[in-house]
1. Can you pull the percent of the stretch 2-236's accessible area that's carbon plus sulfur, 1.4 Å probe, other chains left in place?
2. Mind listing the phi-derived Karplus ³J(HN,Hα) values for the stretch 111-121, rounded to whole Hz, using 6.51, -1.76 and 1.60 with θ = phi - 60°, and x for any glycine or proline?
3. On average, how much accessible surface per residue is there in the stretch 2-236, in Å², for a 1.4 Å probe, leaving out ligands, DNA and RNA?
4. Return the Cα extents of the chain along principal axes one, two and three, sorted largest first, each rounded to a whole Å.
5. With a 1.4 Å probe and all protein chains kept in place, how much accessible area does Glu25 have, in Å² rounded to the nearest 10?
6. Only Lys, Arg, Asp and Glu count, each charged at its Cβ (+1, +1, -1, -1), so figure out the dipole size of the chain about its Cα centre, rounded to 20 debye.
7. For a quick protection proxy, order the peptides 188-194, 139-145 by their average other-Cβ count within 10 Å, most packed first.
Amino acid sequence: MSTTTDTARLHQRVVAADWTQLAEELDTHGCALTPRLLTPAQCARIAGLYEREERFRSTIDMARHRFGSGQYRYFTHDLPEPVAELRAALYPRLLTIARDWAQRLGRPAPWPDSLEKWLAMCHEAGQDRSAQILLRYGPGDWNALHRDVFGDMLFPLQVVIGLDAYGTDYTGGEFLLVEQRPRAQSRGTTAVLQQGHGLIFTTRDRPVATKRGWSAGVMRHGVSTVRSGRRHALGLVFHDAA
């Protein structure tokens, strides 16, 4: 259980991040690694929730759906305090980037200043299921390249946070991003999720500068094969699912 002090420190860690630099990295690479957001103890507590089925609305077996290999579980709306607080703290920082992207691409920017108001809009549109996920991979597991599709009400950025220590608790399992660049060859990027650190990346696409102006660069993400150990990750999505 989180304390008021834990919540305040978590919020401070989000605020203290260099958001100008993170926005620049998103523009350059299509993803950006954050400083540590969760302590090792918080990571362990969240990963340990995987065994508590009552905290989740459903479990997805990736092999069954041909998504790869491994499992993930969708939290209910009764989110653990660190997860809810982290999501709330990140939203206003990501909102600035989302609005800038929408302006560049000539798209509407329907997201209000408040996460609660935005989620209410999602629910009114029929997207009322929690999209926050806890992922678990073992040796040989992987996640196929994909884009997330939850409904028409979409927030363009999401965050995945590593909950285990790379190189100690597991090997392999790097985060993968492949960008389909306008009128050019695709570009791949890999990222290691250090324990407690987050990776910001696009839900579906992002603005890419071309000679003709801004175009939408389609991006897919996945996870490389885990070679040993067990890898947990927390996925934070800023809209709810249909």
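The values are calculated or read from the model by the stated rules, or taken from the named source; none is laboratory data. All of these numbers come straight from a predicted model, not from anything done at the bench. Here the Cβ positions follow ideal geometry from the backbone for every residue, glycine too, while neighbour counts run over all protein chains shown. Side chains included, ligands, DNA and RNA excluded: accessible areas come from the protein's heavy atoms. Shrake-Rupley method; radii C 1.70, N 1.55, O 1.52, S 1.80 Å.
1. Whole-percent figure for carbon plus sulfur exposure: 49.
2. 7, x, 5, 9, 4, 4, 5, 5, 5, 4, 5
3. Heavy-atom SASA per residue in the stretch 2-236 reads 48 Å².
4. 50, 38, 35
5. Its heavy atoms expose roughly 50 Å² to the probe.
6. 760
7. Sorting 188-194, 139-145 by mean packing, highest first, produces 139-145, 188-194.
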